[in-house]
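Worksheet: the structure to be examined is printed underneath.
The values are calculated or read from the model by the stated rules, or taken from the named source; none is laboratory data. Remember, predicted model here, so these are calculated numbers, not experimental data. Cβ placement follows ideal geometry from the backbone for every residue including glycine, while neighbour counts extend to all protein chains displayed.
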Amino acid sequence: MRRRSIAAALLVVVALLVAAAPARGGRFAVLAANNRGWAGEAPLRFAHEDARRLAATLGELGDFPRRNLRVVTGATPRDVEVAVRAMAARMRLRPGRHLFFFFFSGHADESALHAGRHALAYTRLKALLSEVPAEVRIGVLDSCKSGALTRLKGPQPGPSFDVRVSQGSSGRVVGDVFISSAAVTENAQESTRLRGSFFTSFVNSGLRGAADGDRDGRVTLAELYAFAYRMTVGRTSATRAGAQHPAHRIDLRGRGEVVLTHPGRARCCLLFDAGGRRRYLILRAADEAMVAEVTTSKRPGRIGVAAGRYRVRRSDPAGVFEQRLELLAGECKRVKDGRMRKILLPSTLSKGALLDETWSAGAAYVAAVTSVERSTLPVHHVSLSLRVPLGRLALRPQLQLGRGSYSAEMGEIETDALALSSSLTFDIPTRLGLFALGPHVGYTLTRQIVTYAGADDPAARGWSSGLQLGVAAMFSTPLFWRLALALEARFGYALLGLGHDLDYQPFIELGVGPRLWF
């Protein structure tokens, strides 16, 4: 009986301690995106990928459990409402000091988000988010004219805000923050090089550690906004659309900071040396999806990533350079310029420059015409060729095979021709492709078989050789993947030895075929 009393007393004490303990909060996020907007609005390319990439970063470095992360692509207004309310219901099942993060990427105007063919008014979105039972609610919109959301209580554009300012006696921060990627009169811009929008790419890079200005291993809300603002304005200032200015509206109370991620706790990391201002792009090796962009400064940099294989690229006037790294769990590696190798990227070169800087191999059909009687030389040929770049020049060796036959009353003549030739061309890269022009020289080996009418066996077999001297002109343009289409022409004079006499004749060759660059 006494044991039961002791056990009951212990249960009461435990219950009182649990009731008196501060409620432990969780982190929840809804990330929605839609590449399509209203009729007449050009589809976006990277909104869905932006949402997925940001969710992965929050899960890896921001203490957002996977069950508390919801990514909705192709989102409609109803999809957004269902996702937000479902996450709010999860919070109510576990009361505490929660943080809620909402993200949307897509089209918009001054009054609403264009989620597909439907609209989600900013006033409706604010009301929806206000129902979420979280102490801190953060809304981030990456869409055209999304700065209108921050104007509902007065605009606050600018490069930074300070969440640490005392606005009450509470020892924690509570309230709402809305951040938009563009001012109310501006369009949000995407980058093919970054494979995402400028703004979200910098938000993601900042969360992985690029925004950690004091190098304490944490990225706060204030650090993130200052970094994203500075990078977005700087990188879009040179685009045709002009500079894009993020904006914010802050309604926070209390003391302290809002910490979003802890890149210092990342299981793996990439380290960058301090020094001159250099820009690096971190890509997953498997699919070349962008992970983060890093700009070095006077301080060393640290970017938290997951274990795996990566490609780190740096661009400068001399070209694009790449270092490949593999990170095992718990491993950090340093990115070193001295270990980077120059690579060629179709996205960074014009069509002509791409072909000019690469080796290539090709096959072609060639039609050859000379003034020699058609019984002596074949017209149809197949050629194999190689292009070896030599600075502004290129060496183009070629092997050419042809066969022809001619029938008459006297009998039939079959001719086989093999030619080894080479051109040394001066190559001119253009926007559409690569133009080449230069001298051509070749050696031809020819065999003729003559069978007279009525005879079963050939009456004559003969081998002869000859030389070609002329000019070669070529044009190549990329098609897709690593394939290009090449047009070629050669003309000049051939010294042929068919039979007993040498024949000095002009020739013209026209060819077309695919080329593979590597």
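At-a-glance table
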| quantity | calculated |
| --- | --- |
| Phe103 being touching a residue at least 60 places away in the same chain (Cβ under 8 Å), of a type in the set (A, V, I, L, M, F, W, C), crowded, with 21+ Cβ neighbours inside 10 Å and within 30 Å of Val305 (Cβ to Cβ) | yes |
| Scan of the range 422-448 for residues that are more than 24 Å from Val512 (Cβ to Cβ) and either at pLDDT 85 or above or among the hydrophobic types (A, V, I, L, M, F, W, C) (or both), ordered by number | Leu445 |
| From the options Arg70, Arg45, residue that is assigned to a loop (DSSP other than H, G, I, E, B) and at pLDDT 85 or above | Arg45 |
| Complete set of residues in the range 449-502 that are in a loop (DSSP other than H, G, I, E, B) and either modelled with pLDDT under 70 or surrounded by 14 or more Cβ atoms within 10 Å (Cβ to Cβ) (or both) | Ala453, Gly454, Ala455, Asp456, Asp457, Pro458, Ala459, Arg482, Gly499, His500 |
| Qualifying position, being assigned by TED's automatic domain parsing to the domain that holds Gly40 and over 35 Å from the mean Cα position of the chain (by Cα), among Arg117, Arg78, Arg94, Arg85 | Arg94 |
| Where Val291 falls short, out of the listed (1) part of a strand (DSSP E or B); (2) among the hydrophobic types (A, V, I, L, M, F, W, C); (3) surrounded by fewer than 20 Cβ atoms within 10 Å (Cβ to Cβ) | (3) |
| From Gly256, Gly304, Gly275, Gly264, residue being small (Gly, Ala, Ser), assigned to a loop (DSSP other than H, G, I, E, B) and closer than 30 Å to Glu135 by Cβ | Gly256 |
| Positions within the range 57-75 being surrounded by 17 or more Cβ atoms within 10 Å (Cβ to Cβ) and either of a type outside the set (Val, Ile, Thr) or over 23 Å from the mean Cα position of the chain (by Cα) (or both), in sequence order | Leu58, Gly59, Glu60, Leu61, Gly62, Phe64, Asn68, Leu69, Arg70, Ala75 |
| Residues that are of a type in the set (Val, Ile, Thr) and touching a Ser or Thr at 6+ places or on another chain (Cβ under 7 Å), drawn from the range 394-450 | Ile413, Thr415, Val441, Thr444, Thr446 |
| Contacts under 6 angstrom Cβ, first residue in the range 61-90 being aromatic (Phe, Trp, Tyr), partner at pLDDT below 95 and assigned to a loop (DSSP other than H, G, I, E, B), 6 or more apart | none |
| Filtered residue count, the range 109-137, keeping only those that are under 13 Å from Ala32 (Cβ atoms) and either in contact (Cβ under 8 Å) with a residue 60 or more places away in the chain or not in a strand (DSSP E or B) (or both) | 6 |
| Search result, residues across the range 187-218 that are closer than 26 Å to Ser315 by Cβ and part of a loop (DSSP other than H, G, I, E, B) | Asn187, Ala188, Gln189, Thr192, Arg193, Leu194, Arg195, Ala211, Asp212, Gly213, Arg215 |
| Scope the range 91-104; condition assigned to a helix (DSSP H, G or I) and either touching a strand residue (DSSP E or B) at 6+ places or on another chain (Cβ under 7 Å) or among the aromatic types (Phe, Trp, Tyr) (or both); matching residues | Met91 |
| Matching residues in the range 151-182 - criterion: being under 23 Å from Ala112 (Cβ atoms), in a loop (DSSP other than H, G, I, E, B) and modelled with pLDDT of 80 or more | Ser181, Ala182 |
| Per-region count, the range 247-279, residues modelled with pLDDT under 90 and buried (at least 19 other Cβ atoms within 10 Å of the Cβ) | 6 |
